[in-house]
Number of protein chains: 2
Amino acid sequence: MKPTESELEILQVLWEKGPSTVRQVNEQLNQAKEVGYTTTLKLMQIMHEKAILSRTEEGRYHVYEALLSEEETQKHLIDRFVDTAFRGSAMKLVMQALGNSKATPQELDELKRLIDQLK
Amino acid sequence: MKPTESELEILQVLWEKGPSTVRQVNEQLNQAKEVGYTTTLKLMQIMHEKAILSRTEEGRYHVYEALLSEEETQKHLIDRFVDTAFRGSAMKLVMQALGNSKATPQELDELKRLIDQLK
DNA sequence: AAAGGTATACGAATCATTTCGTAGATGTCA
DNA sequence: TGACATCTACGAAATGATTCGTATACCTTT
């Protein structure tokens, strides 16, 4: 339930691309940095054991799929992050993140709408 | 420049309490969970080596102080977090964090003001 | 001065994560 | 069929973070 950083990278790929083989994931990862094939394989096997990924055997290949939803996972991660880095204050996180970001006026409007909904 | 989780816990204490001895920090940490004195000591020594903390020797004691500012550090952490967990989209992080949080109406107003400033 | 308490220094055990080499199975193609 | 490519399984090295035991020095109190 607490993916490590490398696991997260793999999840990203699967969330973006949908169910994939090790090779597909590995190739995607390699666009950012060099990672050996067996490294990715091993990681995905471990994630399968931990029930983070499901696996379907199609002939000789294994096709993996994320069992955690992106949203749920992000929710968890934010909780932990707020605790460890912001002493529990989500608002501080939000304001800092917003300050750093180069949000477009549209995005800012969208955010305002979200705020109004929350009130 | 990339504090680990334990290091962050120590930084939190120093940011909150200001310059402190190992014992003071350790006692603070122990309110949340049990940590041995020498564990905290070692960690703070390492942080000193890494130039995360400064150290002043006052008689027999060493007084440590954070060399990283809370804001700067949080900024870095957010950047990394946005990358690893939100594929680079700070807006997604902000909206998720806001959705999860139980912000008070006052806080939401404050946030709106911040947004207007950014526009 | 001796005993007890408390400091720092430091090496090393432990634990988690990441990386990769090698082996064995299976498919493909000349 | 035989050579070659590609797949999974698996053990274990490498790395990084955390934790702690022990040594040594110094103060304080009796």
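The values are calculated or read from the model by the stated rules, or taken from the named source; none is laboratory data. This is a predicted model, so every value here is computed, not measured. Neighbour counts are summed over all protein chains in view; Cβ atoms, including those assigned to glycine, are modelled from backbone coordinates with ideal geometry.
Go over the candidates B:L77, B:L67, B:L53 one by one and state the one that is farther than 30 Å from A:Q12 by Cβ and touching a helix residue (DSSP H, G or I) at 6+ places or on another chain (Cβ under 6 Å).
One residue alone meets the criteria, B:L53.
Go through B:E72, B:E57, B:E27, B:E65 for me and flag whichever is modelled with pLDDT under 95 and either more than 14 Å from every other protein chain (Cβ to nearest Cβ) or part of a strand (DSSP E or B) (or both).
None of the other options fit; the residue is B:E57.
Every residue, every condition in (1) in contact with a Phe, Trp or Tyr (Cβ under 8 Å, 6 or more places away or on another chain); (2) surrounded by 16 or more Cβ atoms within 10 Å (Cβ to Cβ), yes or no:
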| site | (1), (2) |
| --- | --- |
| B:E71 | no, no |
| B:Q74 | yes, yes |
| B:V82 | no, yes |
| B:F86 | no, yes |
| B:K92 | yes, yes |
| B:S101 | no, yes |
| B:T104 | no, no |
| B:E107 | no, yes |
| B:L111 | no, yes |
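Tell me, yes or no, whether region A:22-40 has at least one residue that is acidic (D, E) and buried (at least 16 other Cβ atoms within 10 Å of the Cβ).
No, because not a single residue in region A:22-40 is acidic (D, E) and buried (at least 16 other Cβ atoms within 10 Å of the Cβ).
For A:K42, indicate whether it is under 30 Å from B:L14 (Cα atoms) and not aliphatic (A, V, I, L, M).
Criteria not met by A:K42.
Can you work out which of the residues in region B:34-45 that are more than 6 Å from DNA strand D (Cβ to nearest atom) and touching a residue at least 12 places away in the same chain (Cβ under 8 Å) is farthest from the chain's Cα centre (by Cα)?
The qualifying residue farthest from the chain's Cα centre (by Cα) is B:Y37.
With the requirement that a residue be of a type in the set (K, R), farther than 15 Å from A:L93 by Cβ and more than 7 Å from every other protein chain (Cβ to nearest Cβ), what does region B:82-119 give you?
The answer is B:R113, and nothing else.
Looking at region B:76-86, can you tell me whether even one residue there is modelled with pLDDT of 95 or more, within 17 Å of the chain's Cα centre (by Cα) and not hydrophobic (A, V, I, L, M, F, W, C)?
no
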